[in-house]
Amino acid sequence: MQTQLQYVSTPLIELRSPLLSTSKLKLLVKREDLNHPSVSGNKWWKLKYNLEVAQQLGHHTLLTFGGAYSNHIFATAAAGRELGLKTIGIIRGEETLPLNHTLAFAESCGMKLHYVSREAYRKKTEKDFLAKLNDQYGDFYLIPEGGTNELAIKGCAEFANQLSKEVDFDYLCLPIGTGGTMAGMIKGIDPSKKIIGFSSLKGGGFLKEEIEKITSVEKTNWSINIDYHFGGYGKTTRELMTFIEDMKMNYQLPLDQVYTVKMMMGIFDLTRQGYFKLGSTVLILHTGGLQGTRFMK
Ligand SMILES: *Cc1c(COP(=O)(O)O)cnc(C)c1O
């Protein structure tokens, strides 16, 4: 039986424009969104070791949590189908029909969708809540919301390490949700390079402390930019939508509206402000997410 997810190696592309040549910057995009048709981008790396360990421990079911538009739910459902594991998705909020694209896809992969109120969802890590799920569904391997745990960070660190060998750069930029991917980048990348995370959440101030806790080592080569959330998680603006169209037209680069577009707006803005050192290479990580937002209104 297949025990590992398929992986397609991904291209590195260069963005060229008058703005970039006048600021003497090289902007490269690692198109990690293309690594798998449905377990894409950072979700592939976050799931890698979780899937391995779940199978080693003899589990046949994965259980995880997310909102109705969660890329992690989408990816977990697809991973379960590919590896022959059952999947259960604990979804925040009430069922709304027809199902949106993310949930319809998850269900088509065989994921059992279990809806809980927002109030109950907040208690999802408590013993009683999990014990009830155990009674109902039997044994399962638990993956936390957003897929962030130690094994997820291990996978991201492995990717970071690989990336450092593939290309030389001065800065690495990536979008942040829970901060798990960022923590992996910090662990896996040489401290001479700067890592900049762009928070897609409003009030992402708590992230710094969270990431410090996870990475534990005394690394100072990273920062989190919290100025480009555009109203908060999942919120969008006309400006963002126009930017997505422009990036598609000018650079043939598709961006999602929850994460990658906000980071990219931030990078272009910082470039105009002269934030990056002249002559440096900025590597941008495309973390995926295109499947969910294409259908999101
Ligand atoms: C989930 C996701 C993120 C956030 O990753 P974290 O590890 O939670 O910070 C970023 N970009 C995309 C496209 C995602 O789907």
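The values are calculated or read from the model by the stated rules, or taken from the named source; none is laboratory data. Just so it is clear, the structure is predicted and the values come from calculations on it, not from any experiment. In this analysis, Cβ positions are derived from the backbone assuming ideal geometry, glycine residues included, and neighbour counts consider all displayed protein chains. Heads up: the accessible areas ignore ligands, DNA and RNA and are worked out on the full protein's heavy atoms, side chains in. Shrake-Rupley method; radii C 1.70, N 1.55, O 1.52, S 1.80 Å.
For the reader, a short list of remarks on this structure follows.
- For segment 68-141, applying the loop criterion from DSSP together with a ceiling of 11 other beta carbons within 10 Å to the GluC sites (Glu not before Pro) yields Glu94, Glu95, Glu126.
- Sequence-ordered 3J(HN,Hα) estimates for segment 29-36 from the Karplus curve with 6.51, -1.76 and 1.60 and θ = phi - 60° stand at 10, 8, 7, 5, 4, 9, 6, 7 Hz, glycine and proline given as x.
- Working ranking of peptides 226-233, 54-61 by packing, defined as the average number of other Cβ atoms within 10 Å per residue, highest first, is 226-233, 54-61.
- Legend: translational diffusion of the chain by Stokes-Einstein, Rh = Kirkwood radius over C-alpha pairs, 20 °C, 1.002 mPa s; D = 109 µm²/s.
- Diffusion coefficient (Stokes-Einstein, Kirkwood radius over C-alpha pairs, 20 °C, 1.002 mPa s) for segment 88-235: 122 µm²/s, rounded to a whole number.
- D_trans [Stokes-Einstein, Kirkwood Rh over alpha-carbon pairs] for segment 170-265, 25 °C, 0.890 mPa s, µm² s⁻¹: 176
- Each other residue within a Cβ distance under 9 Å of Lys124 adds +1 if Lys or Arg and -1 if Asp or Glu, for a net charge of +1.
- Simple spin-label estimate for Glu218 and Thr96 in nanometres, 7 Å along Cα-Cβ: 5.0
- Amide H contacts under 5 Å for Ile284: Leu28, Val29, Lys30, Cys173, restricted to partners 5 or more places along the chain or on a different chain, H placed in the peptide plane at 1.01 Å from N.
- Global form of segment 1-127, assessed from the alpha-carbon gyration tensor, a/c cut-off 1.5: prolate
- The residue among Ser200, Gly279, Thr87 whose Cα reaches farthest toward the positive pole of the charge dipole of the chain, with charges on the beta-carbon of Lys, Arg, Asp and Glu, is Gly279.
- The chymotrypsin sites (Phe, Trp or Tyr not before Pro) of segment 1-47 meeting both criteria, a DSSP state outside H, G, I, E and B (loop) and at most 16 other C-beta atoms within 10 angstrom of the site's C-beta, are Tyr7.
- For the cross-link pairs Lys46/Lys86; Lys46/Lys124; Lys24/Lys46; Lys48/Lys165; Lys112/Lys187; Lys124/Lys235, the ones whose C-alpha atoms lie over 30 Å apart are Lys24/Lys46; Lys112/Lys187.
- The listed residues Ser164, Ser108 rank as Ser108, Ser164 when sorted by accessible area, largest first, using a 1.4 Å probe.
- Note on the chain: helix-only mean residue ellipticity at 222 nm, from DSSP H runs of 4+ residues weighted -39500 (n - 2.57) and normalised by residue number, equals -12500 deg cm²/dmol.
- In segment 143-247, trypsin sites (Lys or Arg not before Pro) in a DSSP loop with at most 15 other beta-carbon atoms within 10 Å: Lys202, Lys219, Lys235
- Accessible-area composition of the chain, carbon plus sulfur, in percent [1.4 Å probe]: 52
- Between the alpha-carbon centres of segment 221-297 and segment 56-126 there is a gap of 27 Å.
- By average C-beta atoms within 10 angstrom, highest first, the peptides 15-26, 139-150: 139-150, 15-26
- Too-long pairs where the Cα-Cα distance tops 18 Å, listed order kept, from Lys26/Lys193; Lys30/Lys219; Lys202/Lys262: Lys30/Lys219
- Thr125-Ser192 pseudo-label distance in nm [points 7 Å out on the Cα-to-Cβ vector]: 3.7
- This model, with +1 at the C-beta of Lys and Arg and -1 at the C-beta of Asp and Glu, gives segment 42-147 a dipole about its Cα centre of some 200 debye.
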